[in-house]
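K.L.:
Before I ask anything, here is the structure I am working with.
Throughout, read-outs are computed from the coordinates displayed, never taken from laboratory work. Computed from a predicted model, the values in this text were never measured in an experiment. Here the Cβ is made from the backbone with ideal geometry for all residues, glycine too, and neighbour counts use every protein chain on show.
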């Protein structure tokens, strides 16, 4: 018999139905009290299917003593206690690579929109303000300096796209990337001072919590623009709001927030901020590929005992 699977939170209806039709699945989000349910039934589950959004908390994992694998939809895994899972011999998979293009595309879209103020210009036209006067001048993108925080798969794709705009690229990582021809900047403050645009493509989690602090924002400065397609936790959101409202930061393009789906009220009224509802991978093509990779990881684990794309 196939092992019992706990499905933590809903994905697309297509995915939910397929998983439920092919496996013995319990949909946790339909329970009124998730932890109480796991107190009673947690010992039955051997596999967890979840996503970067819903994760699998340490409290949940502690109530499932025979779990052997966690298959997650997304590249973020900060909502999963990976270290605890490793200690228990639990494999954790995610869906890297298949979403790189779309996240990098969105990063460039937010960058261009923030600099050229496309969304603000759209609001200007819709409000019938054009007949009364000209829209304010914006900022050029081509030839500018791009700093990337986290030169992983997505960061490298952003850098390649930036080359089409003749942008200079430097990056900040925990350590230099031996395979990269871009200039490594060991100091984050130095990178922010140099950059016209600072794009965040680093992982979330404790190691990067509030990495982008008030001093970093001040270093980026009143003409600098911050783009975040990483995790909301990477940015000190209170410091960001203050820097934007006080004119110490030129602008921002944000796809992620600290307490999603809640967005700081102050950001909603700022015309120099572009806001998106965490849509980095949000295309039909990419989401389907991500779903297929979750199923491939699940099937590989059930057939061979090893997931295809483990978190390492």
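K.L.:
When the gyration tensor of region 100-275 is built from Cα positions, what are the square roots of 5 times its three eigenvalues, in whole Å, from largest to smallest?
P.N.:
So the three semi-axes of region 100-275 are 26, 19, 14 Å.
K.L.:
Mind checking the full-extension length gain between residue 27 and residue 302? Use 0.36 nm per residue of separation minus the Cα-Cα distance, one decimal, nm.
P.N.:
Result: 97.1 nm gained on full extension.
K.L.:
A follow-up question, please. How much of the DSSP bridge set in the chain is antiparallel, in percent, rounded to the nearest 5?
P.N.:
Among the beta bridges of the chain, antiparallel pairing accounts for roughly 5 percent.
K.L.:
Say each of residue 97 and residue 189 gets a label point 7 Å from the Cα, pointing the same way as Cα to Cβ; how far apart are those two points in nm?
P.N.:
4.0 nm
K.L.:
If you take every DSSP beta bridge whose two residues both sit in region 211-289, what share of them, in percent to the nearest 5, is antiparallel?
P.N.:
Close to 10 percent.
K.L.:
Mean separation of Cα pairs under 8 Å and 6+ residues apart, divided by the residue count of region 100-275: what relative contact order is that in percent?
P.N.:
Averaging sequence separation for qualifying contacts and normalising by length gives 21 percent for region 100-275.
K.L.:
Using Cβ contacts closer than 10 Å as the measure, can you line up 137, 211 from fewest to most?
P.N.:
137, 211
K.L.:
Please arrange 5, 227 by counting, for each residue, the other beta carbons lying within 10 Å of its beta carbon, fewest first.
P.N.:
By the 10 Å Cβ count, ascending, the order reads 5, 227.
K.L.:
Among bridges DSSP assigns within region 100-275, what percent are antiparallel (round to 5)?
P.N.:
Around 5 percent of the beta bridges assigned by DSSP in region 100-275 are antiparallel ones.
K.L.:
Still on this model: Among 279, 212, 70, rank each residue by its count of other Cβ atoms within 10 Å, from fewest to most, as a rough exposure measure.
P.N.:
Ascending Cβ contact count within 10 Å gives the list 279, 212, 70.
K.L.:
Go ahead and set up a Gaussian network model of the chain, Cα springs under 10 Å, then flag whichever of 74, 143, 250 fluctuates most.
P.N.:
143
K.L.:
Between rounded, prolate and oblate, where does the chain land on the alpha carbon gyration tensor, with a ≥ b ≥ c its root eigenvalues, rounded for a/c under 1.5, else prolate if a/b exceeds b/c?
P.N.:
Cα axes put the chain in the prolate bin.
K.L.:
For region 46-167, what does the relative contact order come out to in percent, with C-alpha contacts under 8 Å and a separation of six or more?
P.N.:
21 percent
K.L.:
Counting only C-alpha contacts under 8 Å and six or more residues apart, can you give the relative contact order of region 43-100 as a whole percent?
P.N.:
36 percent
K.L.:
Next question. With runs of 4+ DSSP H residues as the only contributors, calculate the mean residue ellipticity of the chain at 222 nm using -39,500 (n - 2.57) per run, divided by the residue total and rounded to the nearest 500.
P.N.:
Theoretical 222 nm ellipticity from helices: -10500 deg cm²/dmol.
K.L.:
I've got another one for you. Using the alpha-carbon atoms, what tilt in degrees (0 to 90, nearest 10) does helix 284-304 show relative to the longest principal axis of the chain?
P.N.:
Compared with the principal axis, the helix lies near 30 degrees.
K.L.:
Considering only 151, 240, 38, give the residue with the highest GNM mean-square fluctuation for the chain, with springs between Cα atoms whenever their separation is below 10 Å.
P.N.:
38
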